[in-house]
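All remarks here apply to the structure that follows.
The values are calculated or read from the model by the stated rules, or taken from the named source; none is laboratory data. Source: prediction; values computed, not measured. Here the Cβ positions follow ideal geometry from the backbone for every residue, glycine too, while neighbour counts run over all protein chains shown. The accessibility values were calculated without ligands, DNA or RNA, using every heavy atom of the protein model including side chains. Shrake-Rupley method; radii C 1.70, N 1.55, O 1.52, S 1.80 Å.
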Amino acid sequence: QVQLVESGGGLVQAGGSLRLSCAPSGRTFSRYVMGWFRQAPGKEREFVAAITWSGGTTYYADSVKGRFTISNAVNTLYLQMNGLKPEDTAVYYCAAKKSSPFTRAAGAYDSWGQGAQVTVSS
């Protein structure tokens, strides 16, 4: 089981930027899919972005495409968030799926980080 430790998040004004980081520990596999999800109060957890750990293929939710960038480097997962909007306010979770293929379904991911609060003020 891989452990995921998140950092980053915080409070920012609309139009601003934040970066989230996620460091997996324990055994990881090249075929892992790593992703970011978010959950706003009273809403279900939703897919934000994902990347195949070895090949670097990326996937995005339509709501963040062109504003958010997922990447991995030196065994760390990142989510660069630009042009933030109040509707991006949520707790953001890093997640790992042991094998391909990619899926947007949260239930398919095996490990989760502790969550990082992102608040965007208008």
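For the chain, the normalised intensity computed at q = 0.09, 0.10 Å⁻¹ comes to -0.21, -0.26 (log10 of I(q)/I(0), Debye sum over alpha carbons, equal scatterers, no solvent).
Only protein heavy atoms count here; on that basis, with a 1.4 Å probe, residue 111 has an accessible area of about 10 Å². Taking all protein chains together and a 1.4 Å probe, the residues 74, 64 rank 74, 64 from largest to smallest accessible area.
Run through the DSSP bridge list for the chain and note the antiparallel percent, rounded to the nearest 5. Write out the running numbers ahead of the final one.
On the way: 38 of 42 bridges.
Roughly 90 percent of the beta bridges in the chain run antiparallel, per DSSP.
Positive contributions from Lys and Arg (+1) and negative ones from Asp and Glu (-1), summed over other residues with Cβ under 12 Å from the Cβ of residue 46, come out at 0.
Label sites at residue 58 and residue 74, each approximated as a point 7 angstrom past Cα along Cα to Cβ, lie 1.9 nm apart. Accessible area per residue was computed with a 1.4 Å probe on protein heavy atoms; residue 32 scores about 10 Å².
Using a Förster distance of 35 angstrom, determine the FRET efficiency expected from the C-beta separation of residue 23 and residue 122, and round it to 0.05. Write out the running numbers ahead of the final one.
Numbers: r = 32 Å, r/R0 = 0.91.
Efficiency, from the Cβ-Cβ distance: 0.65.
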